[in-house]
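Novice: Below is the structure I would like to discuss, written out as structure tokens.
The values are calculated or read from the model by the stated rules, or taken from the named source; none is laboratory data. Fair warning: this is a prediction, and the values are worked out from it, not measured in the lab. Cβ placement follows ideal geometry from the backbone for every residue including glycine, while neighbour counts extend to all protein chains displayed. Please note that ligands, DNA and RNA were not included when accessible areas were found on the heavy atoms of the full protein model with its side chains. Shrake-Rupley method; radii C 1.70, N 1.55, O 1.52, S 1.80 Å.
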Amino acid sequence: IPLHLIAALDGAYSFTADLSAFSSTASVILEDRLLGITQDLSLNPTYTATLSKGDYQGRFFIHYNQKQSAVTGNASPTAGAGDIEISAYQQNVFILFPNQNDGNANITVFDAVGKKVYSMENTSINTGRIDFNLPTADGIYIVNVQTAAANKAQQIFVQK
């Protein structure tokens, strides 16, 4: 999850993560790409960086991983699953099928505790792309895409 920061003044800035709403099996990592530092926020929730006044995009990222999968069944990717690309921006979900242009897909979206919040069945992938709006609360969701050639599950972050 990319973080977009705007520093109003030069100085030291501290980020503190409140992970009380996350399960104990969650891994939340802060990455500072400029300095090449990663920090497990569940072990050390505060990170301090010296910033100059300005706009920071592409420097800080949050990596979230649920160590215990909320998706039941076979979550292992099959051949060709790497060909499916899943991304999200705000409440819009984008699924690309670059090497598949025929057939149908079943799409299911689960919240972080495994409850199904959205599904589409037998949706045509003839255009090589499926886009949809996910009108849910901000948070981490798992998108599962199944086609005749592949099965892929990926976490996304939805923010209004």
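Novice: First compute the accessible area of the chain with a 1.4 Å probe, then give the percent of it belonging to carbon and sulfur atoms.
Specialist: Taking all protein chains in place, the chain shows 50 percent carbon and sulfur surface.
Novice: Counting other C-beta atoms within 10 Å, and keeping those with at most 12, which DSSP coil trypsin sites (Lys or Arg not before Pro) do you find in the range 1-68?
Specialist: ARG33, LYS53, LYS67
Novice: Follow-up. On average, how much accessible surface per residue is there in the chain, in Å², for a 1.4 Å probe, leaving out ligands, DNA and RNA?
Specialist: It amounts to 59 Å² per residue over the chain.
Novice: Here's another thing I want to ask about it. Take the alpha carbon atoms of the chain, find their radius of gyration, then divide it by 2.2 N^0.38 Å using N residues; give the quotient.
Specialist: 1.19
Novice: So, one more: With point charges of +1 on the Cβ of Lys and Arg and -1 on the Cβ of Asp and Glu, referenced to the Cα centre of the chain, which listed residue (PHE157, PHE22, ILE130) lies farthest in the positive direction of the dipole?
Specialist: PHE22
Novice: From largest accessible area down, sort THR123, THR50; use a 1.4 Å probe on the protein chains.
Specialist: THR50, THR123
Novice: If you place +1 on the Cβ of every Lys and Arg, -1 on the Cβ of every Asp and Glu, and leave all else neutral, what size is the dipole of the chain about its Cα centre, to the nearest 20 Debye?
Specialist: Rounded to the nearest 20 debye, it is 140 debye.
Novice: Enter the accessible area of SER20 (Å², nearest 10), with the probe set to 1.4 Å and all protein chains included.
Specialist: Looks like 100 Å² after rounding.
Novice: Now a separate question. By its C-alpha gyration tensor, with a ≥ b ≥ c as the square roots of the eigenvalues, how is the range 117-157 shaped: rounded for a/c under 1.5, else prolate for a/b larger than b/c, else oblate?
Specialist: Prolate, since a/c reaches 1.5 and a/b exceeds b/c.
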